[in-house]
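The values are calculated or read from the model by the stated rules, or taken from the named source; none is laboratory data. As the structure is a computational prediction, the values presented were derived from the model and not from experiment. Glycine gets a Cβ as well: all are built from the backbone with ideal geometry, and neighbour counts include every protein chain shown. Heavy atoms of the whole protein, side chains included, go into the accessibility calculation; ligands, DNA and RNA do not. Shrake-Rupley method; radii C 1.70, N 1.55, O 1.52, S 1.80 Å.
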Amino acid sequence: MQNQVNISYGSEGLSSLVQQLYKNAYSSLFILVDTNTQRECLSCFLDQTKLDPSAVLVMDAGEENKNLSTCESLWNELSSLGADRDSVLINLGGGVVTDLGGFVACTFKRGIDFYNVPTTLLSMVDASVGGKTGIDLGPLKNQIGIIQEPQQVVIDSQWLATLPKEEVRSGFAEMLKHGLIADSKYWEELKTLEHLNPKVLSSFIKPSVAVKSKVVEEDPREKGLRKILNFGHTLGHAIESYFLVEKDKQRLLHGEAIAIGMVLEAYLSTHCSGLSQEEALDIKTTFKRFYPKTEITKQDIEAILALLRHDKKNKAGRVNFVLLNKIGTPAIDIEVPQALFEKAFDYYTTA
Ligand SMILES: NC(=O)c1ccc[n+]([C@@H]2O[C@H](COP(=O)([O-])OP(=O)(O)OC[C@H]3O[C@@H](n4cnc5c(N)ncnc54)[C@H](O)[C@@H]3O)[C@@H](O)[C@H]2O)c1
Ligand SMILES: [Zn+2]
């Protein structure tokens, strides 16, 4: 199955969005923002596009609001504002807004058109591309959703100017991942960057999106190849969940957790998929340069591994991973003996 993704960039992208909206002659236009993108992005977006929406819908910012109750409020709002099947929704925000807004649009009156205008680095290079929409079910992430491409994604790095530094760094981890799983030259370029400022990063967004959209076009439903996007995520997700529930622990953003996950899984790759020691060290050194070291105690490791075992189907004491043969070449469905997990954490904690 081919999955056509319509992605445009910068101010030209915004113009083509406006053109497409006029061409499609929608009955009414709604814009979804969260409280932060309402403050930081909305007036600029309206100034530049000269759009005159029927209404701006505002949701509270944060993953904890990516749930059914927010959807229900938005469906009610759309309904009471007279939205019909020819209405359209523009999602202006990070991954929470594009995931949830996409889901709200796909389900309202059995589906209305939607457009994504991602405003975080993570949503530009990852969340807004690939057609996965959805919400969380209690503590379980992305359990409810639909795969449906938006009409268009407009990626414009201007929004990064107001994004907190740690959010920029979080999105950057997905870019590094794209280099590791698909493009060693791109990895080499990214790892030598001096500063992660939006100006510098803007020229690296397109190649990252190219990696993700190529994978998604070939395997939209994650039957095989798309799994490579999960490099660093098997252990990364367990780490992310653990730091989320342990209230006395520091907060770890998604990218910060998968940065640790990628170092751990690079170590596993040296044992299970032929990654060289030199390349694993290159990966560890690079992540340590961009991401401050997270203290992980023996007790933490036990709890993280318990979460992993609980979360992943594992056969006879083995868990399936996406690993690397070398930088730029991934290997999927590799079974890893659990005895290696603690050694992987040792590898992360030692210099
Ligand atoms: N659909 C997919 O394929 C896919 C892929 C990866 C991640 N995701 C999802 O994406 C979400 C994470 O995305 P995220 O990191 O963008 O989170 P987010 O949407 O919560 O944004 C992070 C923070 O930045 C704020 N923000 C957004 N744009 C801003 C701007 N320009 N200036 C200032 N503040 C701004 C937000 O309000 C929020 O507080 C998760 O829910 C994850 O499951 C989906
Ligand atoms: Zn991710």
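Tell me the angle of helix 339-349 to the major Cα principal axis of the chain, expressed in degrees between 0 and 90 and rounded to the nearest ten. For 339-349 against the chain, the angle is about 80 degrees.
With a ≥ b ≥ c the root eigenvalues of the C-alpha gyration tensor of the chain, is it rounded (a/c under 1.5), prolate (a/b larger than b/c) or oblate? Verdict is prolate for the chain. Per residue, the average separation of C-alpha pairs within less than 8 Å and at least 6 apart gives the range 165-349 a relative contact order of 27 percent.
Across the range 7-162, the relative contact order, built from alpha-carbon pairs under 8 Å that are at least six residues apart, equals 27 percent. Partner aspartates and glutamates whose Cα lies under 17 Å from the Cα of Lys165, excluding those fewer than 8 positions away in the same chain, are identified as Glu40, Glu174, Glu194, Glu256. With a cut-off of 13 Å, note down the residues of the range 164-196 whose backbone N falls inside the zone around a label point 7 Å from the Cα of Thr285 toward its beta carbon. Residues passing the 13 Å test: 191-192. Measuring only protein heavy atoms, the 1.4 Å probe finds Thr285 accessible over about 80 Å². Here the Karplus relation 6.51 cos²θ - 1.76 cosθ + 1.60, evaluated at θ = phi - 60°, turns the backbone of the range 212-227 into coupling constants of 5, 5, 5, 4, 5, 5, 6, 9, x, 9, 6, 7, x, 3, 4, 4 Hz, with x for every Gly and Pro. Within the range 64-122, report the trypsin sites (Lys or Arg not before Pro) that DSSP leaves as loop and that have at most 16 other Cβ atoms within 10 Å. Sites meeting the loop and neighbour criteria: Arg85.
Here the relative contact order of the chain, from alpha carbon pairs under 8 Å that lie six or more residues apart, stands at 15 percent.
In the chain, the DSSP-assigned H stretches of four residues or longer account for a calculated mean residue ellipticity at 222 nm of -15500 deg cm²/dmol, using -39500 (n - 2.57) per stretch and the full residue count as denominator. Rounded to the nearest whole Hz, the Karplus-based 3J(HN,Hα) values (6.51 cos²θ - 1.76 cosθ + 1.60, θ = phi - 60°) of the range 293-303 follow the sequence 5, 9, 6, 10, 7, 4, 5, 4, 4, 4, 5, with x at glycine and proline. What shape does the range 207-279 have by the C-alpha gyration tensor, where a ≥ b ≥ c are the square roots of the eigenvalues, rounded means a/c under 1.5, and otherwise prolate means a/b greater than b/c and oblate the rest? Taking the square roots of the gyration eigenvalues as a ≥ b ≥ c, the range 207-279 is oblate. Positive-end ranking of Gln277, Leu308, Val211 along the dipole of the range 165-349, with charges on Cβ about the Cα centre, is headed by Val211. Using a probe radius of 1.4 angstrom, the carbon and sulfur fraction of the accessible surface of the chain is 50%.
Spacing of the modelled spin labels on Glu335 and Lys223, each 7 Å from Cα toward Cβ, amounts to 2.4 nm.
Just check the range 245-351 against the gyration tensor rule for me: Cα atoms, a ≥ b ≥ c as the square roots of the eigenvalues, rounded for a/c under 1.5, and otherwise prolate or oblate depending on whether a/b exceeds b/c. Oblate. In plain terms, the chain is cut at each of the GluC sites (Glu not before Pro) found in a DSSP loop with at most 14 other Cβ atoms within 10 Å, and the longest leftover piece is 1-193. Over 29 Å apart at the Cα level, from the set Lys109/Lys199; Lys214/Lys247; Lys66/Lys284; Lys66/Lys206; Lys66/Lys326, are Lys109/Lys199; Lys214/Lys247; Lys66/Lys284; Lys66/Lys326.
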